[in-house]
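Visitor: One structure, as structure tokens, below. Some questions next.
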Amino acid sequence: MKHTPNILVVLVLLIGINCSQKAVGQKLDSPKAFKAFLENNSNAQLIDIRTEEEVERGKIEGSVNFDFYKEDFQNRMQSLDKTRPVMVYCAAGGRSAKAAKMLSDMGFLDVHDLDGGINAWVNAGFPLKN
């Protein structure tokens with residue numbers, strides 16, 4: 001005898017799986033999208049998580065530096081306003097992906113990660129501030 005799955009059971013399982021997944025930082029697919037979001041959201045918190053030495057070579061205007069490798073990094077991230085968008089970037093995208101997940105795990109709902117980091121930003125022709 002062949003059993004056909006009950007569509008209601010399948011639907012309930014799919015909804016349950018979907019609801020149990022944690023939200024992770026939204027990965028914007030390009031520097032252009034990241035820049036547009038930043039320009040259209042004046043209340044966004046822009047966080048550069050590179051080292052001080054990296055920041056000295058230039059940063060995105062308006063960003064605040066929270067060094068990913070410093071002991072107080074997680075505490076500084078917790079000090080951000082959870083009701084406002086948070087935008088993070090690093091050099092190439094590795095550290096910022098970890099930071100975006102950390103922020104999402106802390107309960108931040110609107111987290112944006114610059115895909116490819118500041119290297120992609122520069123390659124797209126966008127300016128840095130010294």
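Visitor: I need the full set of residues from region 53-70 which are farther than 16 Å from Ser96 by Cβ and not in a loop (DSSP other than H, G, I, E, B), in order please.
Guide: The answer is Glu53, and nothing else.
Visitor: Within region 60-78, track down each residue that is crowded, with 17+ Cβ neighbours inside 10 Å and either of a type in the set (Ser, Thr, Tyr) or touching a Phe, Trp or Tyr at 6+ places or on another chain (Cβ under 9 Å) (or both).
Guide: Result: Ile60, Ser63, Phe66, Asp67, Met77.
Visitor: Any residue that is under 14 Å from the mean Cα position of the chain (by Cα), closer than 17 Å to Ala124 by Cβ, at pLDDT 95 or above and outside any helix (DSSP H, G or I) - is there at least one of those in region 75-86?
Guide: Checked against the condition, which is being under 14 Å from the mean Cα position of the chain (by Cα), closer than 17 Å to Ala124 by Cβ, at pLDDT 95 or above and outside any helix (DSSP H, G or I), region 75-86 yields no hits at all.
The values are calculated or read from the model by the stated rules, or taken from the named source; none is laboratory data. Remember, predicted model here, so these are calculated numbers, not experimental data. Ideal geometry is used to build each Cβ from the backbone, glycine not excepted, and the neighbour counts take in all protein chains shown.
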